[in-house]
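Just below is one structure, and these are the notes that go with it.
The values are calculated or read from the model by the stated rules, or taken from the named source; none is laboratory data. These numbers were taken from a predicted model, which means no experiment stands behind them. Note that each Cβ is placed from the backbone with ideal geometry, even for glycine, and that neighbours are counted across all protein chains shown. Just the protein is used for accessible areas: all its heavy atoms, side chains included, with ligands, DNA and RNA removed. Shrake-Rupley method; radii C 1.70, N 1.55, O 1.52, S 1.80 Å.
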Amino acid sequence: MPPHLIDGEPHSHAHDRPRRVRQPGEALRIGIGGPVGSGKTALVAALCRQLREELSVAVLTNDIYTTEDADFLRRNAVLPDERITAVQTGGCPHTAIRDDITANLDAIDDLVAANPPLDLILVESGGDNLTATFSTGLIDVQIFVIDVAGGDKVPRKGGPGVTFSDLLVINKTDLAPLVGADLTVMATDAARVREGRPTALISLTDDPAASEVLSWVRSELGAGVGTQA
Ligand SMILES: Nc1nc2c(ncn2[C@@H]2O[C@H](COP(=O)(O)OP(=O)(O)O)[C@@H](O)[C@H]2O)c(=O)[nH]1
Ligand SMILES: [Mg+2]
């Protein structure tokens, strides 16, 4: 599938798109955001490998200038090629998932048309910093992925992804001893800023099945449709 391109500036910056309400029979759309390198594509690959036998899954990636993440997922054959597509976002990776989500919505329409019926669509953000979150007009729930290598101060610093995502994933716990990060501090700070929203400390290296995230995804899949306010 060809990449979907965002037109040049100016972007519409339409923050007022209504929250999507998932209809019966529609795929659950999960946004996966977070800084570059935190493990978003690795998590997408893990979830596809675990769920592809039992569910109809598709993936949409957002890259700034390339289709690298989609290419990686295709090369590793985590899903058949027609179930993986890419949006090229140009200079503003957060714009395509937050402000002008048209290219992402078009790409999802294409995935849905090419692969009926779909149960789950994973949308990976281009990822730049701690501020990029998804429009609720694009996805139903979002996971924000940070990593231990960024330092144990990251959860404390907050930001919309760390604070308000439906699931915060703190990945690469295997690196904690190497970078001197204190996982207890990270977990405590995350719990404080997130006020009850769940956090998972994981290592995709130690647990390639991403078991904790997988359980969360399964519970979201079972959570029903058409119920969001
Ligand atoms: N040590 C370690 N490396 C990881 C882990 N998860 C992902 N990585 C590596 O981190 C790098 C960036 O991962 P990627 O999924 O491409 O990050 P993205 O930019 O957020 O999509 C890759 O080299 C991964 O193999 C982990 O749990 N531990
Ligand atoms: Mg990626």
Cβ neighbours within 10 Å, averaged per peptide: list 115-126, 134-145, 191-202 in order, most packed at the top. 134-145, 115-126, 191-202
For L201, other-chain or 5+-apart residues with amide H closer than 5 Å (H placed, Pro excluded) are I170
For segment 157-170, Karplus-derived ³J(HN,Hα) couplings (6.51, -1.76, 1.60; θ = phi - 60°; whole Hz; x for glycine and proline) come out as 5, x, x, x, x, 4, 7, 10, 4, 6, 9, 9, 10, 9
Heads up, segment 141-208 by the C-alpha gyration tensor (a ≥ b ≥ c square roots of eigenvalues; a/c under 1.5 rounded, else a/b over b/c prolate, else oblate) looks oblate
Could you point to the residue in V169, A107, I32 farthest towards the positive end of the chain's charge dipole, with +1 and -1 charges on the Cβ of Lys/Arg and Asp/Glu respectively? V169
Helix 211-221 versus the longest principal axis of the chain: what angle, 0 to 90°, nearest 10, using Cα atoms? 40 degrees
What angle, in degrees between 0 and 90 and rounded to the nearest 10, separates the Cα long axis of helix 102-114 from the longest principal axis of the Cα atoms of the chain? 70 degrees
So what is the relative contact order of segment 58-185, in percent, for Cα pairs below 8 Å that sit 6 or more residues apart? 23 percent
In Å², rounded to a whole number, the accessible area per residue of the chain with probe 1.4 Å is 43 Å²
Quick query: amide H of D128 versus all other amide H atoms, modeled in the peptide plane; which residues come in under 5 Å with a sequence gap of 5 or more or a different chain? G34, V36
Kirkwood Rh over Cα pairs of segment 104-222 into Stokes-Einstein at 4 °C, 1.567 mPa s: D in µm²/s? 84 µm²/s
Estimated dipole of the chain in Debye, rounded to 20 [Cβ of Lys and Arg +1, of Asp and Glu -1, Cα centre]: 540 debye
What 222 nm value per residue comes from the helices of the chain, counting each DSSP H run with n ≥ 4 as -39,500 (n - 2.57) and dividing by all residues, nearest 500 deg cm²/dmol? -9000 deg cm²/dmol
Could you tell me which residue out of T89, G196, T133 lies farthest along the dipole of the chain toward its positive end? Charges go on the beta carbon: Lys and Arg +1, Asp and Glu -1, centred on the Cα centre. G196
Give the carbon-plus-sulfur fraction of the accessible surface of the chain in %, rounded to a whole number; probe 1.4 Å, heavy atoms of protein chains only. 53 percent
Taking only C-alpha pairs under 8 Å that are 6+ residues apart, what is the relative contact order of the chain in percent? 26 percent
Hey, which lysines would be in cross-link range of K40, C-alpha to C-alpha under 19 Å, not counting anything within fewer than 8 residues on its own chain? K172
Whether the chain is rounded, prolate or oblate, judged on the alpha carbon gyration tensor where a/c under 1.5 counts as rounded: rounded
